[in-house]
Amino acid sequence: MTSKQEPNRLIAGKSPYLLQHAYNPVDWYPWGDEAFEKAKRENKPVLISVV
C-alpha cells in the first residue's frame, strides 16, 4: 500500500532550496516570526541551515 505524503510549510516558499524539502517528513518552518514564536513558546533552540 502506498500513501501520498503531505507537504510541510515549505511548500509555500519561493526558494528552490526550500521547495526541494517541502515533502520531507519534518515539521520545518521557514525563517520568520512563526518559527521564533514557537521556539520561544516551547523554550527550544532554533536550528539554522545556511547553504
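The values are calculated or read from the model by the stated rules, or taken from the named source; none is laboratory data. Remember, it's a predicted structure, so these values are computed and weren't measured experimentally. Please note: Cβ atoms are built from the backbone with ideal geometry, for glycine as well, and neighbour counts cover all protein chains shown.
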* When both residues are 6+ apart or on different chains and their Cβ atoms are under 6 Å apart, which pairs have a first residue that lies in region 23-51 and is surrounded by 10 or more Cβ atoms within 10 Å (Cβ to Cβ), and a second that is at pLDDT below 90 and assigned to a loop (DSSP other than H, G, I, E, B)? -> Y23/Q5; P30/G13; A35/Y29
* Could you tell me whether any residue of region 26-48 is at pLDDT 90 or above, of a type in the set (F, W, Y) and assigned to a loop (DSSP other than H, G, I, E, B)? => no
